[in-house]
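Throughout, read-outs are computed from the coordinates displayed, never taken from laboratory work. Keep in mind that this is a model prediction, so the values were computed, not measured. As a convention, Cβ positions derive from the backbone with ideal geometry for all residues, glycine included, and neighbour counts pool all protein chains shown.
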Amino acid sequence: MQRDQLADFLRRRREAIRPAEVGLSDGPRRRTAGLRREEVAMLAGMSVDYVVRLEQGRSSQPSAQLLGALARALRLSDDERDHLFHLAGHRPPPADGVARQARAGLVRMLDLLENTPALVRSDLGETLAQNRMSFLLHGDFGRFTGDRRYLIYRWFTDEAARVVHVPSERERLARLLVADLRAAAGRRAGDPVVEGLVARLREASPEFRRRWEDHEVGVRRADRKTLVHPRVGPIRLDCETLVTPDLGQELLVLTPVDAEARERLDLLRVLGTEEFAPTPR
């Protein structure tokens, strides 16, 4: 761990970011160049004291998970993220389809889509980043660990993953999930991550095993589905998927199909604002 270099890099990256780039107001009284330490701590989900100690070169070695959170908070490019990991004495995440960090450009797009549910996923269906509206609509996908990180694994092993969709759409969505994984497995032939996931799914779910043997292939690009939210009811949404050139990550943007769906999303936004508002004194 190169503490002094790490401290210098973090300070300079923090000072180089404009608050507007991460959805914060510049404010007339802002005297700090770039972000404040408190803002970095909030964006990364860590204590301000730890951010201070990192920038002063007197912290313990940060974990890979913490470094990933800092990389997202500071909107680091892939090269900058790898440099951050090297300075902290860690091996960077692989720069391929199994990368566990959302690309900086995709995270910036999430910030711009403030009132529209959007998220970044890997080509295996692991959610790498969500904006606030996605959190309100889907819940926190970051809470899942192990194979449950992958949507397809939850779909075929946990009924809770299906009940948020109307029954008439579940057959089609199951076929799409399996066909998409088939396409990823073809692109990444011999990848032990993909082969291991498929093997565990085949063992855990007879339905998946049957569908996998059908050998349907298809990459998801656009879709229309109805999500049933426990607080506002069913919401009809168009799902557009923007894929990175290497097909390793994708940005999913969900837009309301009609006026009723738009009203329910607006209601969900208001309910979320009320829920997370500070308690009056």
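Values for this structure:
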item	result
Lys/Arg +1, Asp/Glu -1 at C-beta; the chain dipole; positive extreme among LEU176, PRO234, ALA102	ALA102
Taking the chain and dividing mean pair separation by its residue count, relative contact order in percent (alpha carbons under 8 Å, at least six apart)	14 percent
Region 193-276: relative contact order in percent, alpha carbon pairs under 8 Å with at least 6 residues between	18 percent
Least to most buried among VAL51, VAL228 (fewest other Cβ within 10 Å first)	VAL228, VAL51
Sequence of TRP212, TRP155 once ranked by neighbouring C-beta atoms within 10 Å, starting from the fewest	TRP212, TRP155
Overall Cα dimensions of region 135-195, principal axis frame, Å, largest first	35, 27, 19
GLU240-ARG58 FRET efficiency (beta carbon distance; Förster radius 41 Å; 0.05 resolution)	0.35
For the chain, size of Cβ-based charge dipole, Lys and Arg +1, Asp and Glu -1, in debye	580 debye
15 Å beta-carbon shell around VAL219, net charge (K/R +1, D/E -1)	0
